């Protein structure tokens, strides 16, 4: 066994010497060992040796009884090599040791493996960083095989600054790309085309900017999101910008994305027509959110000359390309409300599934990221891009050893897996959440140094957030149950008193811990957990303190309905109607997207669903919205199979729609077992304003239609709602009879 209590390093050529310096720095950060660089190879137990025929993204490692030798052709390969060493480094009785043999020849599967790290106000972290923070993060990402960093240039008239930003954006871009070049990281620029300039002006201005950047390998103009150019002009701009780019960076490439502007429905087909002309100035195409085609279709349609780079969104949880449980979109509304769009979100198993579904169509990826809340996902995705068959548990053990050296890697890896399992169902029904918090709190006590580690504190805070949401939901659901009994008995004052019951001391302590951890994480790494104190760009951008305390049960809504009922002729009957809002007879049917989930429809939905979640919107979820309305289904069509409709007469179908009407549209259509029961303007049907005032949130309305007895087949009906332009946006429906 090699003794790493003392490390002597040998390196041959300048790139190897640079790698040796970086390695020494990493060992000093993690351990009490201070390596010594020596000129004699025979006396060194760590060796960096240059071999010209190893691919740029590859490296070899040889381990014998005396030394570990890293072989690479340049600095990039050497960093990958000693990164693998650090991933396997453990402390045995205080002495650094390798957890396993790392001998092998390592070669990257994907050509492109990167992450977006744009310096702007939108991210939940990056805008607060120093150059040293960026350099540190570059290396951390490279230890999992990253070879590309993507930056976002400042756009006058578009970009905005905040008080956290320490640098001029253009000066930052120069320095950030210079640091990337020192580590031989490729640099990509996400650079939109939506600036209102002529083609010539756009190319000229960009060309001048590109001249100032020390390293630039790829320019990525999105087709949409943002951008509103028709494909012919979009492609023309890409071609002209590519020419300007190559004046200062001859080997740089142009990679536009096939992301479709919402205002141009024909964009995708027209883009393919432009690409079939085989423009030489374009080197590849990127597939990302708001895409014109799904990935498989894009690969079939796009000329084979052009490879595809994936732009996976690994940072968002809701209202995004890959929402939590992307294949069914059933993340429970209580978790979605409290944690919102950009909380700390390790989703290793789910992203492995997504990687397996996409990897055969692409030559690599550069992820969409808005800060450090997706840090685990970055490591997992990059590791799969380097070796798509890597073992997921091994990756998380490596992550734990690399970033939490000296702590129990097995427990931390299991804790990360548990954080993903915390999101499997209603938190009130998930005891895993309690065990997960116990794991991280025990680690915090056993290894006090972890309490100064931002990666660990992120995981601990997430565990506490999940626990708080679970505990609050259990507590409030019990209050609601007790209050409803009082309402049934006409005791509205007692019901109010019950619903106003305060939380216990344990709950308050954990909630206070979350606030304290948010402060600590801001100090350590610039994580922005709210708008006022930490300068989050808005409530969606990792600002969980803005959403953690929003309603996740109907407790606050019921208190509001008690206020409403007090001004009616019969408060008791009004409140009885309220608590029976979602209840129907056995031969009737009620469906809520939030409460029931799409899997209960009995049929797969077609098209690409957008779940327009409302619960985490602080200006919407004020107590004026029942939880049944938290999810708004948004798609061109909706389908549902219903049985048990055995009433001997017509049924009424009542749907709650988001009140976004377009008076021009006349294609709103509802069918039952194929029979059209409504067709015309949005939304048609019979109105019930009294019901809407009492039961719906603002900006929603119901419409009621008749399902004739003769179209129901032995109690069964296949429902379909559709509108070919805007689609249908609804939260729930009732099928009832008189």
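The values are calculated or read from the model by the stated rules, or taken from the named source; none is laboratory data. Please read these numbers as outputs of a predicted model, since none were measured by experiment. So basically every Cβ, Gly included, is an ideal-geometry build from the backbone, and we count neighbours across all protein chains shown.
Here are the numbers for this structure:
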item	result
Selection within segment 562-587 - surrounded by 14 or more Cβ atoms within 10 Å (Cβ to Cβ) and closer than 17 Å to residue 477 by Cβ	578, 579, 581, 582
Test: residue in segment 541-549 that is free of Cβ contacts under 8 Å to residues at least 40 places away in the same chain, within 27 Å of residue 480 (Cα to Cα), more than 25 Å from the chain's Cα centre (by Cα) and not assigned by TED's automatic domain parsing to the domain that holds residue 337	no
Filtered residue count, segment 489-507, keeping only those that are under 35 Å from the mean Cα position of the chain (by Cα) and assigned to a helix (DSSP H, G or I)	4
Residue in segment 423-436 that is over 24 Å from the mean Cα position of the chain (by Cα), under 25 Å from residue 129 (Cβ atoms) and surrounded by fewer than 18 Cβ atoms within 10 Å (Cβ to Cβ) present	no
Answer from 264, 354 - the residue that is buried (at least 17 other Cβ atoms within 10 Å of the Cβ) and more than 30 Å from residue 429 (Cα to Cα)	264
Residues of segment 318-338 that turn out to be in contact with a strand residue (DSSP E or B) (Cβ under 8 Å, 6 or more places away or on another chain) and not in a helix (DSSP H, G or I), as a count	7
Single condition residue 641 does not satisfy, out of (1) touching a residue at least 12 places away in the same chain (Cβ under 8 Å); (2) surrounded by 16 or more Cβ atoms within 10 Å (Cβ to Cβ)	(2)
Residue check, residue 372 assigned to a helix (DSSP H, G or I), out of contact with any strand residue (DSSP E or B) (no Cβ under 8 Å at 6 or more places or on another chain) and assigned by TED's automatic domain parsing to the domain that holds residue 313	no
Residue that is farthest from residue 145 (Cα to Cα) [pool: residues in segment 36-72 that are without any contact (Cβ under 8 Å) to a residue 40 or more places away in the chain and in contact with a helix residue (DSSP H, G or I) (Cβ under 8 Å, 6 or more places away or on another chain)]	37
Only one of 451, 387 that is in the same structural domain as residue 340 (by TED's automatic domain parsing) and surrounded by fewer than 22 Cβ atoms within 10 Å (Cβ to Cβ)	387
Residue check for residue 684: surrounded by fewer than 13 Cβ atoms within 10 Å (Cβ to Cβ) and over 27 Å from residue 556 (Cα atoms)	no
Selection status of residue 352, assigned to a helix (DSSP H, G or I) and farther than 30 Å from residue 120 by Cα	no
Residue match in segment 86-103 (condition: touching a residue at least 24 places away in the same chain (Cβ under 8 Å), farther than 30 Å from residue 541 by Cα and assigned to a helix (DSSP H, G or I))	yes
Among (1) farther than 27 Å from residue 13 by Cβ; (2) out of contact with any strand residue (DSSP E or B) (no Cβ under 8 Å at 6 or more places or on another chain); (3) not in a loop (DSSP other than H, G, I, E, B), the one test that residue 140 misses	(1)
Single residue of segment 57-85 satisfying the filter (under 31 Å from the mean Cα position of the chain (by Cα) and assigned to a loop (DSSP other than H, G, I, E, B)) that is nearest to residue 104 (Cα to Cα)	58
Test: residue in segment 521-528 that is surrounded by fewer than 15 Cβ atoms within 10 Å (Cβ to Cβ), at positive phi and either touching a residue at least 40 places away in the same chain (Cβ under 8 Å) or touching a helix residue (DSSP H, G or I) at 6+ places or on another chain (Cβ under 6 Å) (or both)	no
Single unsatisfied condition, residue 319 versus (1) surrounded by fewer than 22 Cβ atoms within 10 Å (Cβ to Cβ); (2) touching a helix residue (DSSP H, G or I) at 6+ places or on another chain (Cβ under 9 Å); (3) touching a residue at least 60 places away in the same chain (Cβ under 8 Å)	(2)
Meets criteria (more than 25 Å from residue 602 (Cβ to Cβ), in contact with a helix residue (DSSP H, G or I) (Cβ under 6 Å, 6 or more places away or on another chain) and surrounded by fewer than 21 Cβ atoms within 10 Å (Cβ to Cβ)) for residue 689	no
Among (1) more than 13 Å from residue 728 (Cα to Cα); (2) at pLDDT 95 or above; (3) not in a loop (DSSP other than H, G, I, E, B), the one test that residue 620 misses	(3)
In segment 214-226, residue surrounded by the fewest Cβ atoms within 10 Å (Cβ to Cβ) [restricted to those that are within 17 Å of residue 249 (Cβ to Cβ) and within 30 Å of the chain's Cα centre (by Cα)]	215
Residues satisfying the stated conditions in segment 293-311, i.e. in a loop (DSSP other than H, G, I, E, B) and over 20 Å from residue 239 (Cα atoms)	293, 294, 311
Subset of segment 283-297 [buried (at least 20 other Cβ atoms within 10 Å of the Cβ) and in contact with a helix residue (DSSP H, G or I) (Cβ under 9 Å, 6 or more places away or on another chain)]	285, 287, 291, 292
Among the candidates 568, 606, residue that is farther than 30 Å from residue 327 by Cβ and either in contact with a helix residue (DSSP H, G or I) (Cβ under 6 Å, 6 or more places away or on another chain) or in a loop (DSSP other than H, G, I, E, B) (or both)	568
Criterion: at pLDDT below 95 and either buried (at least 19 other Cβ atoms within 10 Å of the Cβ) or touching a strand residue (DSSP E or B) at 6+ places or on another chain (Cβ under 8 Å) (or both) - qualifying residue of 1, 84	1
Which listed residue, of 536, 518, is crowded, with 21+ Cβ neighbours inside 10 Å, in the same structural domain as residue 499 (by TED's automatic domain parsing), in contact with a helix residue (DSSP H, G or I) (Cβ under 8 Å, 6 or more places away or on another chain) and outside any loop (DSSP other than H, G, I, E, B)	518
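Residue-by-condition table, conditions (1) modelled with pLDDT of 95 or more; (2) over 21 Å from residue 142 (Cα atoms):
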| position | (1), (2) |
| --- | --- |
| 375 | yes, no |
| 383 | yes, no |
| 389 | no, no |
| 395 | yes, no |
| 400 | yes, no |
| 406 | yes, yes |
| 420 | yes, yes |
